[in-house]
1. What residue among Pro536, Cys723, Tyr430 has its Cα farthest toward the positive end of the dipole of the chain, where the charges are +1 on Lys, Arg and -1 on Asp, Glu, each on the Cβ?
2. Based on the alpha-carbon gyration tensor of segment 461-520 and its eigenvalue square roots a ≥ b ≥ c, which shape applies: rounded if a/c is under 1.5, prolate if not and a/b is larger than b/c, or oblate?
3. Run the dipole for the chain about the Cα centre, Lys and Arg Cβ at +1, Asp and Glu Cβ at -1, nothing else charged, and hand back the magnitude in debye, nearest 20.
4. In sequence order, what are the phi-derived ³J(HN,Hα) couplings for segment 402-410 according to the Karplus relation 6.51 cos²θ - 1.76 cosθ + 1.60 with θ = phi - 60°, rounded to whole Hz, with x for glycine and proline?
5. Provide the packing ranking of 444-450, 234-240, 466-472, i.e. peptides ordered by the mean count of other C-beta atoms within 10 Å per residue, highest first.
6. Please report, in whole Å³, the volume per residue of the convex hull around the C-alpha atoms of segment 221-375.
7. May I ask you to give the solvent-accessible area per residue for the chain, in square angstrom, as obtained with a 1.4 angstrom probe?
8. For the chain, what relative contact order do you get, as a whole percent, if you take Cα pairs closer than 8 Å and at least 6 residues apart?
Amino acid sequence: MLFPFVAFAAAPRTVIVITPEPVGRAAQHGLERLRAELVGAGCTVELAATANGKADYGILVGLAEREGAVAQALRTARTPIPTGAESLAVKKTAVAGRPGLIVGGADDRGLMYALLEVAERVGWARGASDPFKEVRDVTESPEVRDRSLSVYTMNRAHWESRFYDDRYWTRYFDLLAASRFNRFLIVFGYENGGFLAPPYPYLFDTPGFGGVKMVDLSPEQQRRNLAALNRLIELAHDRGIAVSLGIWDHIYRGAVQTGGAEWLKDYAGRPIPNTVSGVTTENLSAYTLAALKELLVRVPAVDALQFRVHEESGLKRSEMEGFWRAVFQHVQKQRPGMLLEARAKGTPDVILDTALAQGVNLRVETKYWMEQMGLPFHPTHVNPPNQRDRRHGYADLLRYPQHFEMDWRLWNGGTTRVLLWADPEYVRRYSESTSLYQSRNWDVQEPLATKMEAQRPDMAAFALMPEKYRYYDYEFERYWHFYQVWGRVGYNPQVAPEVWQREFQRRFGPAAAPHVETAVHRASEVLPMIVAAVYPYRLFPTTRGWAERQSLGANLADYAKNEGTDTEQFESFAAAAKRILAGETTSKRTPDATSRWFDQTAGAILAAARAAEAGVGARRGNEFDATLTDARILAQLARFHARRSLAAVHYNLFLRGQRIAELVAATYAERDAVAAWRELVAVAGDRYNFDLAMGARNFDLCGHWRDELKKLETNLKELEAQCCPPDEGVLKEKVWLPATDGDRTPPRIEHERIRAAQPGQPLRIAARITDPAGVKTVRLRYRHVTQFEDYATLEMTATGEGGGYTATVPAEFIVPSWDFMYFIEAIDARGNGRNWPDLAREMPYVIVKMQR
């Protein structure tokens with residue numbers, strides 16, 4: 001029987017947790033966490049199937065099924081009953097005549113999340129007379145269906161340093177469950193010199209293929225590996241986390257599969273450590289089918305498989321169709337309905353059609369923004385060199401009728417390799433973008449994802465920080481806020497900020513906490529902007545580029561060629577110089593605007609860091625110092641690109657006009673950029689290992705920021721030798737300067753977004769566009785939702801009514817096979833331009849669904 005909630009008159013002594021029906025294994029984990037927190041709060045906890053005894057407090061726990069006890073209790077309490085996968089409800093009310101809670105979930109995972117929610121809030125109330133003081137009524141459902149974390153197995157030593165450690169995985173999966181991740185992807189084989197290419201011999205021998213072995217692996221190690229994988233999956237399932245295995249290499253044939261491991265040449269003519277021998281062109285298909293069958297028998301609890309389909313898996317193009325037809329048939333026979341993901345890169349339609357024809361439960365996994373962490377929206381325009389080859393983004397895959405979902409994979413591991421990253425607003429916008437193609441699934445890579453990639457097999461895994469600076473048992477634990485914002489905001493974009501604010505307060509004290517939080521969040525904006533606005537496309541692969549540590553051009557001449565990676569939103573340095581000399585205008589973000597953004601962001605980070613130091617007092621410790629070190633490194637990185645963006649424009653102006661004055665201006669700006677990098681090195685000090693081995697050495701993915709400084713200073717001296725000191729006449733010459741005063745405000749655009757359209761009907765788009773200086777040009781840019789297309793352009797014409805402008809897209813362009821997208825360009829009479837919608841606030845385009 002339920003009664004209105006009654007507050008405690010005194011501190012509780014006993015809590016009874018009532019579970020009328022047995023709960024699943026994930027909910028059991030939630031129950032144990034809640035019990036532990038209650039005991040920590042000084043309570044005695046009794047678990048029972050019915051209310052009994054004289055407990056001070058009662059918690060009714062269970063699935064909110066139909067007419068079950070929890071559903072009836074929620075209904076009586078006038079609380080929505082959770083429906084849909086992973087939904088939950090917590091109601092603070094009375095249970096069996098005593099103060100209490102109803103804790104319900106639509107399924108086992110939802111119930112676990114509800115219990116963990118209560119447990120967390122009990123922890124917040126430690127020391128209070130009422131341990132349930134912080135519990136709030138809540139009903140939630142997930143925004144993103146699959147919230148996946150992926151890890152690589154790029155180096156045997158590093159992988160095995162954690163693979164066998166139950167304590168490691170227990171703490172890792174505890175963090176993922178509390179953060180509400182629900183899927184975990186282990187990628188076997190990826191440009192790692194042949195380790196786990198393929199993975200089967202690492203785990204077992206396949207009957208009938210006794211000649212297929214992994215070099216340097218004993219039978220005892222093999223048995224240990226299989227047991228460790230099954231144990232890992234068990235620990236994940238205990239916390240409601242599904243496990244996918246990414247089988248990315250099927251035969252090792254060198255080439256790109258080496259990942260730039262230059263040490264492979266030392267093994268010419270002899271076995272390469274940790275590689276697989278015995279898989280040949282002749283037995284490739286038969287072995288793979290037999291090994292897959294064995295995998296599903298020996299690892300029976302695995303939830304899904306992800307395959308790299310194209311040539312980088314070792315397959316030849318001529319082998320692919322027959323190979324995959326056999327694999328899909330085989331897996332469907334062995335495990336009907338099992339989720340299979342095919343990586344989109346280089347995958348021809350015939351492979352996808354073959355899977356669908358056999359009834360495979362198929363998803364297509366694609367790269368969200370190259371192999372780096374760009375801004376939180378699908379790029380407006382992918383870089384032209386790979387526009388039409390399914391290498392990046394959604395390419396031409398979003399065709400209707402729809403036969404599969406997408407899995408949007410953010411390759412942040414190529415960008416945020418070492419430094420702390422956490423930005424709730426980024427995750428909100430990223431999650432919102434998964435509504436594209438009705439595919440609310442995303443994957444993000446763990447911090448330190450590429451640690452030890454392409455390193456020698458005899459090299460021990462390095463420690464990230466010297467011991468005197470450490471404040472954690474395992475390195476993943478320093479990134480707690482990364483996991484928190486990805487999982488919690490991915491589950492519910494409107495999650496209360498107190499979820500992380502309480503943790504900041506616990507770690508850094510109430511005075512410093514808000515400033516540390518601000519510093520981390522603002523610093524986390526820097527790397528995505530670098531990738532989007534000033535990045536050289538040649539560094540797009542995870543195994544080539546590293547925006548955290550590389551200067552993206554050791555000399556200014558190279559940097560000046562960069563153009564960013566959303567070519568529809570950001571103006572390149574070369575294009576800016578051409579525009580300036582021609583007296584033209586643009587609606588894109590100009591390099592000087594990007595420079596201002598970097599400067600302002602750096603200033604905000606440094607101000608927050610100063611405020612945090614002023615407030616931390618006795619709470620200062622290694623974690624506080626490490627956190628602010630990372631924030632300040634990113635602030636100086638922003639300063640570097642702010643100065644160098646201007647230097648790059650001056651340098652391009654020099655190249656076009658051969659005016660020494662512009663070269664001098666470029667040199668002065670480059671001095672300022674190098675000075676910022678010098679300050680970055682001073683901030684980093686000796687807090688990080690001086691050999692951060694995060695990728696191939698011959699691709700500049702190891703070392704430290706101080707190594708880059710040496711190259712920058714050497715090249716600066718060479719630049720100075722070309723023009724400095726300049727003569728007086730050169731110094732008096734006028735050079736380009738970014739505007740610092742006057743009207744810099746672009747036109748105001750007001751438009752009611754079009755959400756749906758009828759195929760075969762013309763589409764009229766109207767907007768109100770105003771500017772005190774007058775509007776010069778307005779253009780509608782549009783295309784189908786396929787990145788294979790370039791944007792078409794229509795001049796929008798003035799209606800003569802209060803700044804009204806219109807354009808009509810022809811009926812023949814509005815087709816049922818593609819959704820439609822558009823954005824608006826506007827430039828005022830003084831040359832100030834903008835694209836609308838604003839990329840700083842939302843997706844910079846509008847998606848129009850076809851009515852089908």
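The values are calculated or read from the model by the stated rules, or taken from the named source; none is laboratory data. What you see is a predicted model, and the numbers here were worked out from it, not measured in a lab. For neighbour counting, all protein chains shown are included, and Cβ atoms are generated from backbone atoms with ideal geometry for every residue, glycine included. Please note that ligands, DNA and RNA were not included when accessible areas were found on the heavy atoms of the full protein model with its side chains. Shrake-Rupley method; radii C 1.70, N 1.55, O 1.52, S 1.80 Å.
1. After comparing all options, I get Tyr430.
2. Cα axes put segment 461-520 in the oblate bin.
3. Dipole magnitude for the chain comes out near 680 debye.
4. Going residue by residue, I get 7, 10, 7, 9, 9, 10, 7, 10, 8 Hz, with x marking Gly and Pro.
5. The densest-packed peptide leads the list: 444-450, 234-240, 466-472.
6. On the way: hull volume 24.0 nm³, N = 155.
Measuring per residue, one finds 155 Å³ for the Cα hull of segment 221-375.
7. 37
8. Values: 1807 pairs, mean separation 81.8, N = 852.
Relative contact order, the chain: 10 percent.
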